[in-house]
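Each value in this text was obtained by applying a stated rule to the coordinates, not by laboratory testing. Please read all numbers here as calculations on a predicted model, not as lab measurements. Here the Cβ is made from the backbone with ideal geometry for all residues, glycine too, and neighbour counts use every protein chain on show.
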Amino acid sequence: MIYRETGQFKANYQDDQALFPIAQDRYVVLAVLLVTFAIVPLLLNQYWLNAILLPFLIYALAALGLNILTGYCGQLSLGTGAFMAVGAFSVFKLMTVIPELGFIPLVILSGLITAAVGTLFGLPSLRIKGFYLAVATLAAQFFLIWLFNKVGWFFNYNATGMITSPPMTLFGVIITGPSADPVAKYYLVAGFVAVFALFAKNIARGRIGRNWMAIRDMDIAAELIGVRPLIAKLSAFAVSSFYIGMAGALYFAVWLGSAEPTEAFDINQSFLVLFMIIIGGLGSVLGSFLGAAFMVMMPILLKNIMVDGLGTDAALAAHIEIITVGVLIIGFLIVEPHGLARLWRIAKEKMRLWPFPH
Amino acid sequence: MNERNVGGEMLKVENISLSFGIMKVLDDISFDIKQGEIRSIIGPNGAGKSSMLNVINGFYHPQQGSITFKGETRKQMAPHVAASHGIARTFQNIALFKGMSTLDNIMTGRNLKMKTNLFWQALHIGPARAEELENREAAERIIDFLDIQAIRKKPVGKLPYGLQKRVELGRALAAEPELLLLDEPMAGMNSEEKEDMCRFVLDVNSEFGTTIALIEHDMGVVMDLSDRVLVLDYGKQLADGLPDEVRNNQDVIDAYLGIPHEQA
Amino acid sequence: MLFFIEVALSGLMAGVMYSLVALGFVLIFKASGIFNFAQGVMALFAALTLVGLMEKFGMPIWLAIIGTIAVMVALAWAIERFMLRPLVNQEPIILFMATIGLAYVLEGMGDILWGSDVKLLDIGIPQGASDWMLDSFNIYIEKLEIFAAGTAAVMVTFLAIFFQKTRIGRALRAVADDHQAALSVGISLHTIWVIVWSVAGIVALVAGIMWGSKSGVQFSLSLIALKALPVLILGGFTSVPGAIIGGMIIGVGEKVAEVYLGPIVGGAIENWFAYMLALAFLLFRPQGLFGERIIERV
């Protein structure tokens, strides 16, 4: 009853193609934006920011990136961790060399650098498909991490091999480094994510997004229609890596503050983001957010329930967490392989009919 | 009956031979298709009909022979080049993009008409938006033509078989092709659906002037619709001519058509 | 020159170890079309169970081995019942993701059941350098590696016969091709899968024993799964001999690269060399050395 399209007629194609054609959807999104930008900052504290909000937002950005490549374009990638590293190391070098450009341009630049690297490692996709492509991305993953570990230039020849973010300011407020202002950090990251999520949605529903999905669904038929696989696949790699690179830059500079390549960006990171888009929903912007929220919140919830609630020993809790992740992955794949986003859509369908059964 | 405006030669296939390993799929095939005509390709299963279409499309590359399309001769061309030169097609085993809606599938068919780059697409204003709307209108014209308004937002994977075939036709038409290759468009349909599809094929030819090459097994349809018929069997060319000629050709009867029960 | 031969032989032996793990992958892929990411963890789990049975329950070696085999069969049954059956006919990528989930589950379970410290595995396989090789050819090879190579050869022969000659083997190949079609001719998918995953489990046990005897039973064993991917790329996902040859090529390639190229670029090339090699291969032969060439039909 509440969620119905009845009475909402569109008089032209422009309205029909709006981002949120159903009025109720628009209100929900506006409400979410309101909460995000007006209410949460007031309730913010350091713990919430660092343990939940920042990782959620940053991983959502990375999940958006991977979803573009794997969800929309169907190219499986296990190299997300390494590409985040590219973004992180790019922004590190840029911050130490040309900080005058300003933080936001530097993040965007690191995204562009990552896009270039991603396109390069995406070249094999023109010959290789499916699992085999996953191997190519694994090559990227292991090679790049090795590179960042070995070549001193990347970490400015520092003895430990770690990179640390120097303090940067935005409009006069410090946003990186130990003395950064939490609210400022939040606004920066939330703003970034909101803007680029919008861009992703726009691209996905336009010509380029359709071409990606065509390649994913039936690449031969797509080619015969005139979709050029080269352009489609490489553009997917490029845009995806752009997003993942920026996520990596923010991950290092704003959230972690310092990072070491093998710990922060290893293959487990790649799996983590992959799980986010599977659980959240492949080929869905909303799904990227839902999946990121789920995978960020779950360990925290589990730890709270087990260690604080039941008094479980921490090591045991860690093992149980691993098992739970595995079981949930399998469970999700069985119950709804299209993820939380599909469940949400089904829920909306039911809401259209409520309180009637059918 | 078939009073069509048939023009000059549009496609000429010369001595095409295609093999996969030691398996010879097409053996020295030569024929032409004239502008504006409806040409059928018939023959038993495995005769190489779909492979012939794939060669024209640029998907299979023949070992020998050449194709001349609109005056340009080439041994082979990349599929997207064939598409951009005005060749579109449907497939035997429906190759729709199952993850997308009817409208999106047809809009994807408009892909070659759309050009705005990534930057404008991300912002979705100005040129990108205008282009999207313009092509939406074109897609809607096709949706009206094929009478599929009711299912335009439905994911095609959920549609019944007959409707999927119609959507696939729509996607091919969206590219405004000069040559339309239809691979068994009526397979698996009942007689009502077949009539509808026949009507669409004829309309496409008469309203848009599209040249059509058609693979089909229903002889009634073939004889009624076509201007000329090509018969293939085991990769070889058996006959090529007017429907009546082909119907009475002894080789064709032996290989494929058979004879009515009374005469047996 | 002698040094090169030693390095190459050492690589070959290492490669055989990879092959043992890759064999398990091939089995499951051949019979169910699934790429079992959890194969490495299964090897770890099997080795952990073996050691656990011997240490915690004081079983003699032969009983512990039988016990572990029983556990792996039970595991195969559980996997089929709770993971494979609900996911019948889903796309391969979904199944692949499920096996990643399975890997996590097994890892956690292994840690909880048997503890996560490194364990010593000694079931009587001869250790130390082979004196015979040292004396006859002046080459250093470990007896363990020779033993592993021999075991691999026996297993491969057995499996090859199994797949080609037996009725079950044929059924397995049918299932790998098309689940639904196999069902429609009366092949019981469930039984087949339990059999296959059990056999893969036993193969994993053998691999786990070899690796465990060599370097102790520890978590890094499960990472071997990732290394098996390049092996499979080279050898083809469905070829048993391919897994062996692929493993050997990767083994030799890695060792040679590490020894000769390593010092130039600072070492630790083994981390990524196998993947780059596989990648290079893929660009020229997308289906691997022994894989079947896929002809796309429209």
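Find the relative contact order for chain C and round it to a whole percent, using C-alpha pairs within less than 8 Å whose residues are 6+ positions apart. Kindly include the intermediate steps, with their values, before the conclusion.
Working: 448 pairs, mean separation 108.0, N = 298.
After rounding, I find 36 percent.
Add -39500 (n - 2.57) for each DSSP H run of 4 or more in chain A, then divide by its residues: what number comes out at 222 nm, to the nearest 500 deg cm²/dmol? The partial results should precede the final answer.
Values: 15 runs with 230 residues, N = 358.
Calculated mean residue ellipticity at 222 nm is -21000 deg cm²/dmol.
At 222 nm, what helix-only mean residue ellipticity would chain B give, in deg cm²/dmol to the nearest 500, using -39500 (n - 2.57) for each DSSP H run of four or more? Write down the numbers at each step before the final one.
Working: 9 runs with 94 residues, N = 264.
Taking each H run of at least 4 residues, the total per residue is -10500 deg cm²/dmol.
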> Using the Cα gyration tensor of chain C, with a ≥ b ≥ c the square roots of its eigenvalues, what is the shape: rounded (a/c below 1.5), prolate (a/b larger than b/c) or oblate (neither)?
Replying inline: oblate
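Going by a ≥ b ≥ c, the root eigenvalues of the Cα gyration tensor, does the protein assembly as shown fall in the rounded group (a/c under 1.5), the prolate group (a/b larger than b/c) or the oblate group? Write down the numbers at each step before the final one.
On the way: a/c = 1.89, a/b = 1.29, b/c = 1.46.
Oblate.
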> Say each of B:Val81 and A:Ala347 gets a label point 7 Å from the Cα, pointing the same way as Cα to Cβ; how far apart are those two points in nm?
Replying inline: 5.2
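Mind checking the range A:167-239 for chymotrypsin sites (Phe, Trp or Tyr not before Pro) that DSSP puts in a loop (not H, G, I, E or B) and that have at most 10 other Cβ atoms within 10 Å? Could you put the intermediate results ahead of the total?
On the way: sites: A:Phe171, A:Tyr186, A:Tyr187, A:Phe192, A:Phe196, A:Phe199, A:Trp212, A:Phe237; in loops: A:Phe171.
In loop regions of the range A:167-239 (DSSP not H, G, I, E or B), the sparsely surrounded chymotrypsin sites (Phe, Trp or Tyr not before Pro) are A:Phe171.
In the range A:70-110, which chymotrypsin sites (Phe, Trp or Tyr not before Pro) fall in coil by DSSP and have 15 or fewer other Cβ atoms within 10 Å? Mind showing how you got there, number by number?
Details: sites: A:Tyr72, A:Phe83, A:Phe89, A:Phe92, A:Phe103; in loops: none.
Sparse-neighbourhood loop chymotrypsin sites (Phe, Trp or Tyr not before Pro): none present.
Please sort by residue number the trypsin sites (Lys or Arg not before Pro) in the range A:1-86 whose DSSP state is loop and whose Cβ has at most 14 other Cβ atoms within 10 Å. If you can, show how the numbers build up before the last one.
Numbers: sites: A:Arg4, A:Lys10, A:Arg26; in loops: A:Arg4, A:Lys10.
Filter output for the range A:1-86: A:Arg4, A:Lys10.
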> Under the classification rounded if a/c is under 1.5, otherwise prolate if a/b is larger than b/c and oblate if not, where does the range A:317-358 fall, given a ≥ b ≥ c as square roots of the Cα gyration tensor eigenvalues?
Replying inline: prolate
>> Can you work out the Karplus-derived ³J(HN,Hα) for every residue in the range A:75-80? Use 6.51 cos²θ - 1.76 cosθ + 1.60 with θ = phi - 60°, whole Hz, and x for glycine or proline.
In response: 9, 6, 10, 10, x, 4
> Nearest-5 percent of antiparallel DSSP beta bridges in the protein assembly as shown?
Replying inline: 65
> For the pair B:Phe145 and B:Asp28, how long in nm is the line joining their label points, each one 7 Å along Cα→Cβ?
Replying inline: 4.0
> In nm, to one decimal, how far is the modelled label at C:Ile161 from the one at A:Ala314, with both set 7 Å along Cα→Cβ?
Replying inline: 5.5
> By a straight-distance test (C-alpha under 27 Å), which lysines pair with B:Lys12 as possible cross-link partners, with residues fewer than eight away in the same chain excluded?
Replying inline: B:Lys24, B:Lys34, B:Lys49, B:Lys70, B:Lys75, B:Lys113, B:Lys236
